[in-house]
Amino acid sequence: MTHAKKAFVRGVAIIGLAFALSSFFPGHGRTQIAGSTTIGVSQEETKLVAAGWSAKKNILGKAVYNDNNQKIGTVDDLIIAPDRSVSFAVIGVGGFLGVGKHDVAIPMKNLKEEQNKLILPGATKEALKALPEFQYAKADNRKKG
């Protein structure tokens with residue numbers, strides 16, 4: 001194949017790829033129609049999202065400390081309420097390699113972030129272990145919404 005023919009084929013392939021990709025991003029470059037559903041976030045909402053906590057980077061698996069800088073547990077999970085708000089952190093207390101660990105649900109509003117640490121003011125390991133153990137609901141017991 002000659003150089004000119006290769007360049008032509010490559011150009012056609014690039015145009016075809018661009019056309020194919022445009023079908024994956026149908027809203028890109030087009031005007032939104034009034035009343036249509038937005039599946040992403042607006043620019044204003046993006047500011048709120050960027051200022052929030054990342055579950056993966058800032059919360060899950062992170063140690064929780066009390067206000068005396070003592071490690072009292074680890075955030076193992078976040079519970080999303082039926083209204084879709086993050087309402088509780090499941091904190092694992094005690095145990096070794098998961099054995100003997102006591103999970104408790106703590107309201108997210110009680111957790112504070114200070115100097116890149118999660119703080120649960122006034123808490124101790126003993127106080128958390130004295131709380132009722134958190135257990136997940138069975139899938140058929142949850143209301144569908």
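The values are calculated or read from the model by the stated rules, or taken from the named source; none is laboratory data. The structure presented is a predicted model; accordingly, all values stated were derived computationally and were not measured. Don't worry about glycine lacking a Cβ; one is built from the backbone with ideal geometry, like all the others, and counts go over all protein chains shown.
Restricting attention to strands (runs of 3 or more DSSP E) lying wholly within the range 74-136, give those where 1 or more residues are touching a His at 6+ places or on another chain (Cβ under 9 Å) and among the aliphatic types (A, V, I, L, M).
The strands (runs of 3 or more DSSP E) meeting that bar are 86-93.
Quick test of your reading of the structure: ARG30 fulfils all but one of (1) modelled with pLDDT of 75 or more; (2) more than 29 Å from the chain's Cα centre (by Cα). Name the failing condition by number.
(1)
Starting from the range 57-82, take each residue that is under 16 Å from LEU128 (Cα atoms) and list its partners that are assigned to a helix (DSSP H, G or I) and of a type in the set (Lys, Arg), counting only C-beta distances under 7 angstrom and pairs at least six apart or across chains.
Matching pairs, first to second residue: ILE72/LYS125.
Taking the range 33-65 on its own, how many of its residues are of a type in the set (Phe, Trp, Tyr) and at pLDDT 75 or above?
The qualifying residues number 1.
Which of the numbered conditions does ASN68 fail, given that it passes all the others? Conditions: (1) over 30 Å from ALA123 (Cα atoms); (2) at pLDDT 70 or above; (3) assigned to a loop (DSSP other than H, G, I, E, B); (4) not basic (Lys, Arg).
Failing condition for ASN68: (1).
Examine the range 86-97 for a residue that is at pLDDT below 95, surrounded by fewer than 18 Cβ atoms within 10 Å (Cβ to Cβ), in contact with a helix residue (DSSP H, G or I) (Cβ under 9 Å, 6 or more places away or on another chain) and more than 18 Å from LYS129 (Cβ to Cβ), and state whether such a residue exists.
yes
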